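Colleague: My questions all concern the structure below.
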């Protein structure tokens with residue numbers, strides 16, 4: 001998945017959480033979610049969703065990604081389902 005966007009009228013209604021967790025369950029295994037540093041709303045959303053989904057069992061760091069315009073991203077890494085790829 002390259003982009004994740006929820007229309008404003010559906011924000012804060014649980015739609016984003018439902019869609020994200022449905023994707024985690026459908027595509028089990030190793031996940032990496034990259035969030036632009038300047039997008040504080042997206043960072044807050046993903047941190048909460050991933051913390052809740054993994055019960056705090058994830059890694060978070062910051063990395064410069066060359067193929068994305070050499071921009072720095074917050075990166076969340078975790079496993080979904082029973083897999084530990």
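The values are calculated or read from the model by the stated rules, or taken from the named source; none is laboratory data. Not measured: the values here are computed from a predicted model. Here the Cβ is made from the backbone with ideal geometry for all residues, glycine too, and neighbour counts use every protein chain on show.
Colleague: Take the range 27-73 and flag every residue that is free of Cβ contacts under 8 Å to residues at least 24 places away in the same chain, assigned to a helix (DSSP H, G or I) and more than 15 Å from residue 17 (Cβ to Cβ).
Modeller: Residues satisfying the conditions are 40, 66, 67.
Table: residues versus (1) exposed (fewer than 11 other Cβ atoms within 10 Å of the Cβ); (2) out of contact with any strand residue (DSSP E or B) (no Cβ under 6 Å at 6 or more places or on another chain); (3) modelled with pLDDT of 95 or more.
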position: 5; (1), (2), (3): yes, yes, no
position: 19; (1), (2), (3): no, yes, yes
position: 34; (1), (2), (3): no, no, no
position: 43; (1), (2), (3): no, no, yes
position: 52; (1), (2), (3): no, yes, yes
position: 57; (1), (2), (3): yes, yes, yes
position: 60; (1), (2), (3): no, no, yes
position: 67; (1), (2), (3): yes, yes, no
position: 73; (1), (2), (3): no, no, no
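Colleague: Same structure again: Condition first: within 13 Å of the chain's Cα centre (by Cα), surrounded by fewer than 15 Cβ atoms within 10 Å (Cβ to Cβ) and within 23 Å of residue 63 (Cβ to Cβ). Now tell me which residues in the range 21-32 satisfy that.
Modeller: 23, 30, 32
Colleague: I'm told residue 5 meets every condition in (1) without any contact (Cβ under 8 Å) to a residue 40 or more places away in the chain; (2) in a helix (DSSP H, G or I); (3) more than 16 Å from residue 75 (Cα to Cα); (4) out of contact with any helix residue (DSSP H, G or I) (no Cβ under 7 Å at 6 or more places or on another chain) except one. Can you identify the failing condition by its number?
Modeller: Just one mismatch for residue 5, condition (2).
Colleague: Please indicate, with yes or no, whether at least one residue in the range 75-82 is in a strand (DSSP E or B), out of contact with any helix residue (DSSP H, G or I) (no Cβ under 9 Å at 6 or more places or on another chain) and surrounded by 13 or more Cβ atoms within 10 Å (Cβ to Cβ).
Modeller: yes
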